[in-house]
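Worksheet: one structure, shown below.
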């Protein structure tokens, strides 16, 4: 190893350290910005160091520059134009790009003859290609679902059996690639791996999407780590391991929050189709914005439970305006966040922070659930499954056992909802029929604006 490569590897090690410290800082909203900056510096250093890897031809360097310009331009455009409400699908597709890049690295290594048959490198390259390809195609499907392009879950007859057969075929082709490096086998292997990702994610509905996004993120990290070994790149190895480990941990936590084992998310997904079940007792009682404003005006403690409906309507700024108005009158207001609220991990936290809500006013489920019984009003904005008492009472329900926000235990519950339909999981919400619940129908942004307008007349 020459002196230049020693310096390059030293920089890669430094980059890996910056990634680790950056990820650690991102664990807290207070230090998240600093963590992103550290990770960004690390990425710049890694990119610059790569230009000095010995043996690069001028053609290699030109292709790298072209790729950076094109990719950077696309990222800059979407970074400035994509709304905060569209972040879940952006996260999904960015995950996919990482997995796709790992798969392409393996493909190039196979095509260039840089991998020997029956070697450890060949095995690791195939594993990275398999995981990366599944992550890429699965993330594309997740993006299409979250973007609203694919509106329904696509269920293949005997889906689990089909998935098992495709998985076995993919593994068999992978073994064939390791043994022979046959170009036809390589192509068929990638086709099968990409198809497997599509088949796995297509039946999964929006209710499970936060877990899916986390799982695909873990897949991408593992794939990058494997291909880092193939390339002999310490930065990719360490970064991949860190991303894979953190993604796996997050997936486990998200699945626990839904009380749904990861195997159930994959093999028995909640599709979003309306579920058959027993008829709920009671009626949905509608209220006006003026009535909602009166309830909030004379409350002492209010807990707000935001959900995907808030994100769709872009209502977070209006909600913060309402919150400040209530707080100015001495009313205690807190935000209760369910771990899987929205369509990606931390979705609600990101939107509220973007609107200016202080971190001290935002509480996780475990921190605030016991306080609902002390609240005069629980204001549910666009949330559904995360506040559904059926999770406690109906053993036949797909969400039974899932921890929920105890909004039903507040003295009064006000639900802002676009219509009377079931939630994203397709399960009717018993909270809407409860005696202490009243419904305010309409877009979350307009409904909150109307409440705020009426509230001002009462002050």
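The values are calculated or read from the model by the stated rules, or taken from the named source; none is laboratory data. Model, not experiment: these values are computed from the prediction. Ideal geometry is used to build each Cβ from the backbone, glycine not excepted, and the neighbour counts take in all protein chains shown.
Restricting the range 26-40 to residues that are under 18 Å from the mean Cα position of the chain (by Cα) and assigned to a helix (DSSP H, G or I), which is nearest to residue 14 (Cα to Cα)? Quick ask: steps written out before the conclusion?
Restricting attention to the range 26-40, the residues satisfying the condition of being under 18 Å from the mean Cα position of the chain (by Cα) are 26-29, 32, 36.
So of that shortlist, the ones also assigned to a helix (DSSP H, G or I) come out as 32, 36.
Values: 32: 20, 36: 16 Å.
Among those that are under 18 Å from the mean Cα position of the chain (by Cα) and assigned to a helix (DSSP H, G or I), it is 36.
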(request) State which residue is surrounded by the most Cβ atoms within 10 Å (Cβ to Cβ) when the search covers only the range 318-361 and only residues that are without any contact (Cβ under 8 Å) to a residue 40 or more places away in the chain and part of a helix (DSSP H, G or I). (result) 323
(message) Can you confirm whether residue 380 is in contact (Cβ under 8 Å) with a residue 24 or more places away in the chain, buried (at least 24 other Cβ atoms within 10 Å of the Cβ) and in contact with a strand residue (DSSP E or B) (Cβ under 6 Å, 6 or more places away or on another chain)?
(response) yes
(request) Kindly establish whether residue 140 is under 26 Å from residue 312 (Cα atoms) and either modelled with pLDDT under 95 or part of a helix (DSSP H, G or I) (or both). (result) yes
(message) It is to be established whether one or more residues within the range 305-314 are modelled with pLDDT under 95, in a helix (DSSP H, G or I), in contact with a helix residue (DSSP H, G or I) (Cβ under 9 Å, 6 or more places away or on another chain) and surrounded by fewer than 20 Cβ atoms within 10 Å (Cβ to Cβ).
(response) yes
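Kindly evaluate residue 350 against the criterion of being in contact with a helix residue (DSSP H, G or I) (Cβ under 7 Å, 6 or more places away or on another chain) and under 30 Å from residue 264 (Cα atoms). Walk me through it before giving the result.
Numbers: in contact with a helix residue (DSSP H, G or I) (Cβ under 7 Å, 6 or more places away or on another chain): yes; under 30 Å from residue 264 (Cα atoms): yes.
Yes.
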(request) Could you grab me the full set of residues in the range 24-67 that are touching a helix residue (DSSP H, G or I) at 6+ places or on another chain (Cβ under 6 Å) and closer than 21 Å to residue 353 by Cα? (result) 25, 26, 29, 31, 34, 35, 38, 39
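Name the one entry in 223, 235, 193 that is in contact with a helix residue (DSSP H, G or I) (Cβ under 6 Å, 6 or more places away or on another chain), buried (at least 23 other Cβ atoms within 10 Å of the Cβ) and at pLDDT below 90.
Working: 223 fails: at pLDDT below 90; 193 fails: at pLDDT below 90.
Exactly one residue qualifies, and that residue is 235.
Counting only residues that are surrounded by fewer than 19 Cβ atoms within 10 Å (Cβ to Cβ) and under 15 Å from residue 185 (Cα atoms), which one in the range 117-126 is nearest to the chain's Cα centre (by Cα)?
123
Just checking, how many residues over the range 364-373 are crowded, with 16+ Cβ neighbours inside 10 Å and in contact with a helix residue (DSSP H, G or I) (Cβ under 8 Å, 6 or more places away or on another chain)? Let's see the steps before the verdict.
So in the range 364-373, the residues crowded, with 16+ Cβ neighbours inside 10 Å come out as 365, 368-369, 371-372.
Now drop any that are not in contact with a helix residue (DSSP H, G or I) (Cβ under 8 Å, 6 or more places away or on another chain), which leaves 365, 372.
Count: 2.
Which one of 156, 140, 123, 115 is touching a helix residue (DSSP H, G or I) at 6+ places or on another chain (Cβ under 7 Å) and under 20 Å from residue 264 (Cβ atoms)? I'd like the intermediate steps shown before the answer.
Working: 140 fails: under 20 Å from residue 264 (Cβ atoms); 123 fails: under 20 Å from residue 264 (Cβ atoms); 115 fails: under 20 Å from residue 264 (Cβ atoms).
Answer to the check: 156.
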(message) Here is a check on your reading of the model: is residue 106 more than 23 Å from residue 182 (Cβ to Cβ), touching a residue at least 24 places away in the same chain (Cβ under 8 Å) and out of contact with any strand residue (DSSP E or B) (no Cβ under 7 Å at 6 or more places or on another chain)?
(response) no
(request) Name, by its number, the condition in (1) closer than 25 Å to residue 137 by Cβ; (2) assigned to a helix (DSSP H, G or I) that does not hold for residue 20. (result) (1)
(request) Would you please name the residue that is nearest to residue 387 (Cα to Cα), looking only at residues in the range 239-261 that are surrounded by fewer than 18 Cβ atoms within 10 Å (Cβ to Cβ) and modelled with pLDDT under 85? (result) 259
(message) For the range 214-241, which positions are assigned to a helix (DSSP H, G or I) and over 17 Å from residue 23 (Cβ atoms)?
(response) 215, 216, 219, 223, 226, 227, 229, 230, 231
(request) Give the number of residues within the range 169-185 that are within 31 Å of the chain's Cα centre (by Cα) and either closer than 17 Å to residue 104 by Cβ or not assigned by TED's automatic domain parsing to the domain that holds residue 223 (or both). (result) 1
(request) Can you give me the number of residues within the range 54-112 that are surrounded by 12 or more Cβ atoms within 10 Å (Cβ to Cβ) and not in a helix (DSSP H, G or I)? (result) 2
(message) With the structure loaded, tell me whether residue 48 is more than 29 Å from residue 214 (Cβ to Cβ), assigned to a helix (DSSP H, G or I) and more than 24 Å from the chain's Cα centre (by Cα) or whether it fails that test.
(response) yes
(message) Could you tell me how many of the residues in the range 401-418 are surrounded by fewer than 18 Cβ atoms within 10 Å (Cβ to Cβ) and either under 17 Å from residue 339 (Cβ atoms) or out of contact with any helix residue (DSSP H, G or I) (no Cβ under 7 Å at 6 or more places or on another chain) (or both)?
(response) 2
